[in-house]
Every structure is written in structure tokens, then in C-alpha cells.
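What follows is a short report on a single structure.
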Amino acid sequence: LDLPHPLFVSGAHFTMRTAFSLPLAAAILVISQPLVAGEDSWPQWRGAAQNGVADGSSFPTKWSEDSGIAWQTILAGNGGSTPVIGGSTAYITAGVEGQNVLMAFKIDTGKLAWKVSLGQDTGGKHRKGSGSNPSAVVDGDRVFAYFRSGDLACVDTQGNIRWITNLQEQYGEDTLWWDLGSSPTVTDRAVIVAVMQSEPSKSYLVALAKDSGAEIWIADRTLGAPKEAAQSYITPLVVQVDGKDVIAVMGADHLTLHSAASGQELGRLGGFNPTQDEFFRSISSPVAAGNLIVCPYARGESLTAVRMDQLIAGKGDGAIAWTRDGLGSDVPTPAAADGRVYIVGDKAKGLISCLDIGTGKTLWETQLPKSRIGFSSSPLVADNHLY
């Protein structure tokens, strides 16, 4: 990737840089800071609350490739996933010698603890992509990993495979134009995966039992969006609405809310693509804070905030809290903290906007130095800094 993905964990700074310009080469860097082990500190993409916020304080504000580094190790493979942390171990995926590989590294030393192969690597189509874009999820003594090949696996924290299945073999081939980007997420009993693609393949949201990989429920999500607009690379969010776990999914010109227990669709909001643009695929995931969910769309040209309880109550467009046109993010997923939402405008080449999440009004903006390279990394909030 063109920019580092910083990951702030219990007082540590963890950066993974995937060197796509160098075949089969990638580096993991860790900034030397105190570590707190024993609990999942960054268990999934965008953190425990899926909002891009890290707990803790006294994070570094300066480092370089030759200073402030505790250790560095070279990975024998390509991958676009974010490292995830469980206790004192970091887990990351890559394509290595034609195989999907999940690797575990000890945070204090950078030493490889173990690696395991989980099916055949199908490579990448895009220069920023790979067959290992989805981030793994740590859940207690289990790690779930998902790959472009369709392989979804559960591995224990000692590197033993508990189960492995292939979603494409079960539910239909991948018709995405680009590389799979949707990371799995978990509920109390299930691992959840969203698959949204062009017809004739089926689009769906599926829940598999964490202990066995057996299907608990599957929800159809084929919503008739035109061509590439039917395709989505977002990660589903686990949110709470009126005290109940709900799965929020953005893509195919719609936001849908589903019961985490049954997969039943509880609410649906369309209208994100009124002109039926054929290429409004979703890459940037939504971000939720309390009852509000903020949805980037239209290739970074719109933001829509929705009151989830009102959408479930059948209010339709009346559930929309606010909208912004001409502002948003195409690839980076927003971060949300303390009543604010932070947007990296990749189409605007690094315009960063801070909005009041309740009203959508701009509180401040700042422009990063211009670059010929597009911004892809999602912003992170740590203590009183935005990274």
C-alpha cells in the first residue's frame, strides 16, 4: 500500500507496510512502547468497536523507517490485510508460494510463532490488492481468516485448524471485478461475512457457527443495483439498536439492517444512487456511533447519516439525520469518536474533514500535502490525535 496502516494497541504502535512493488516482500514495523497483554486489544479491522478508535494514551507522534522501531521482520508474501492483535500476538494474512497463509507474530520480539496454510492463493487483480486483503478476527482462543479464494477458516491461537470451508463452493463463484476486501466480523455465536457482487451470482449475508463453520442463517442481499454498483467491498458492522445486536451492511445502493440472531432484514434504505450510475461500487465501510450510522457513497461524493432505530421502525427516508453532497471518501473508512466523524477525502487528495456526527456540519478541515498517489488508508483516533 502507498501509505502505512498504523495500528495503535494498548500503548503500542504497530505498522504494516505491504510492498507490492517488490514481489513476495513485506515488512512489519513496531514502535517501541509499553504493551498490555491478556485481552484482545485490536481484535478486528477498525478495532473492537469497528470505529477506528484505539484506547490508551501517550502514543508516538514521530517515527521513521530508521528510528523509533522496536523490531522489523520481512514477510515472505503479499497481503493487504491489517494486523490484528490478541493478547501479545499479532496475526496477519498473506499469499505465500501459492498458498493462503495466516501468520502469528509475538509482539515483544517480532518472532514468527507459527504459520498455517488455508487453501490456494488466487492472487490479486489491482496493483494495491492481493488475495489476502480481508483482515482476520481474533475471538478468544480462535482466529478467523478469509481470503479472495473464498476460503474461510477458524484456527486456534496455537495454529491448529479447527475448521475450514469455501463460501464460493457453497454459495456461488466470485463475480467481483476487483479483489475481495470484506473482512469477517463476529457476534456471540457466529462469524459473519458479507458477499455482494454482480448477478448472476448471488449476493448474501451469511452467519456461520464459530465452533463448527456450519451455517446458522443466510440472508439474500441481491437488490438489483446496476452492473458494478451491485458490488461491495465493505465489512459488516455489529451495532446495537434498542439493546439488540444488529448487523449493518452497506452496498448495492442500499443500507440494510439485519437481526444478528436470525438474519431477518429489519430495515432497508435505498436512494443512494438516484441516477442509477452503473459504477457506484462500495469500498469505504460505514461507521456507527450510538444510534447513528454514517454511510459514504457515490465514489466519495456523498455522506448520509441514518438513525437506525427509525429505519427499523419503518420511517424510510424519514430516518435520515443529515446528508452531505460533494464530501466523502471512496476507499478510506471514516473514524468516529466523541461526537465527531473523521473523513479522509481520497478523491480530494488528502482533504481531512471533521464533522459533528449529530448534524453533519463541518467543524474543521485540513489539507495534507498534495501527492500524485491516491490516499487509501483509513484514519485512526488514538488519545487526542488523528493518525
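The values are calculated or read from the model by the stated rules, or taken from the named source; none is laboratory data. Keep in mind that this is a model prediction, so the values were computed, not measured. All accessible areas refer to the heavy atoms of the entire protein, side chains included, with ligands and DNA or RNA removed. Shrake-Rupley method; radii C 1.70, N 1.55, O 1.52, S 1.80 Å.
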If I take every Cα pair under 8 Å that is 6 or more residues apart in region 246-370, average their sequence separation and divide by the length, what percent do I get for the relative contact order?
16 percent
If you take the C-alpha gyration tensor of region 90-130, multiply each eigenvalue by 5 and take the square root, what semi-axes do you get, largest first, in whole Å?
22, 12, 6
Sequence-distant aspartates and glutamates (8 or more away, or on other chains) whose Cα lies within less than 16 Å of Lys244
Asp188, Glu265, Asp309
Past 19 Å, Cα to Cα: identify those pairs from Lys202/Lys227; Lys128/Lys347; Lys128/Lys349; Lys125/Lys210, in the order given.
Lys125/Lys210
Reciprocal mean inverse distance between Cα atoms of region 247-342 - Kirkwood radius, Å:
13.5 Å
Of the accessible area of region 257-322, computed with a 1.4 Å probe and all protein chains kept, carbon and sulfur make up a percent value of 48 percent
For region 100-222, the convex hull over Cα atoms projects on average to an area in nm² of 7.8 nm²
Kirkwood Rh over alpha-carbon pairs of region 35-163, then Stokes-Einstein at 37 °C and 0.692 mPa s: what D in µm² s⁻¹, rounded to an integer?
215 µm²/s
Taking Cα pairs under 8 Å and at least six residues apart, what relative contact order does the chain come out at, in percent?
11 percent
Rounded to the nearest percent, how much of the accessible area of region 85-143 (1.4 Å probe, protein heavy atoms only) is carbon and sulfur?
44 percent
Taking only protein heavy atoms and a 1.4 Å probe, what accessible area per residue, in Å², does the chain have with all protein chains in place?
40 Å²
If you average 1/r over every pair of different alpha-carbon atoms in region 301-387 and take one over that average, what Kirkwood value in Å do you get?
13.8 Å
For the chain, the Cα-Cα pair-distance distribution in 10 Å bins from 0, as whole percents, is 5, 25, 36, 26, 8, 0
In a solvent-free Debye calculation with one equal scatterer on each Cα, what is log10 I(q)/I(0) for region 55-100 at q = 0.31 Å⁻¹, listed in the order of the q values?
-1.14
Please compute P(r) over all alpha-carbon pairs of region 175-309, binned at 10 Å starting from zero, and give each bin as a whole-number percent.
13, 46, 34, 7, 0
